[in-house]
């Protein structure tokens, strides 16, 4: 593994719980509803914070630290709920209601950048990220029901069916699903102005 491969500043990890219950994943849509409700409001705040950060970076070259930590926490919370539910089905441990790191099989972290480019903030979230948006659209699907046509959801359901009949989560599918999610969350962090380093076109670290 090259130094470039281990240096990307958005860490997305997930540890497969052995063994997940065979049929528990069939009702996780119901169990995750409280999180979905909270995340709906958190993502509204995420967008507002990102707009404020845009102007802060444009004029000061800095992302306000408190706002940065909040948005990282929203991404972390989202990934944990996704890992528990239909972005991975990687654990039966219920996600905590917190923005803080640690204590869960899935985690996400972005180191705080001391300075960000004023010029890149104008183009990276739309123009430069377009190739990645295409890839992420394939991985995750769109909004509403079309979201369930993305490769992440489809492969997670394949894994759930295998788990239901065999009691085992296929490791290759798990690694592939986590890799697609890792790519997705790195693009989201880049588009949300948290780093100037362009996301790599790869699934694996």
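We did not get these values from a lab; they are worked out from the coordinates using the rules stated. Quantities reported herein were computed from a predicted structural model and do not represent experimental measurements. As a convention, Cβ positions derive from the backbone with ideal geometry for all residues, glycine included, and neighbour counts pool all protein chains shown.
Can you pull out the helices (runs of 4 or more DSSP H) entirely within region 114-200 that have at least 3 residues that are in contact with a strand residue (DSSP E or B) (Cβ under 7 Å, 6 or more places away or on another chain) and either within 23 Å of residue 13 (Cα to Cα) or touching a residue at least 60 places away in the same chain (Cβ under 8 Å) (or both)? Reasoning before the result, please.
Details: elements: 130-140, 151-166, 171-191.
The helices (runs of 4 or more DSSP H) meeting that bar are 171-191.
Which of the residues belonging to region 92-111 are touching a helix residue (DSSP H, G or I) at 6+ places or on another chain (Cβ under 6 Å) and assigned to a loop (DSSP other than H, G, I, E, B)?
92, 95, 99, 104, 110
Tally time: how many residues in region 16-54 are more than 29 Å from residue 179 (Cβ to Cβ) and either surrounded by 15 or more Cβ atoms within 10 Å (Cβ to Cβ) or touching a helix residue (DSSP H, G or I) at 6+ places or on another chain (Cβ under 9 Å) (or both)?
2
Looking at residue 128 and the list (1) in contact with a helix residue (DSSP H, G or I) (Cβ under 9 Å, 6 or more places away or on another chain); (2) surrounded by fewer than 18 Cβ atoms within 10 Å (Cβ to Cβ); (3) under 30 Å from residue 27 (Cβ atoms), which single condition is not satisfied?
The one condition residue 128 does not meet is (3).
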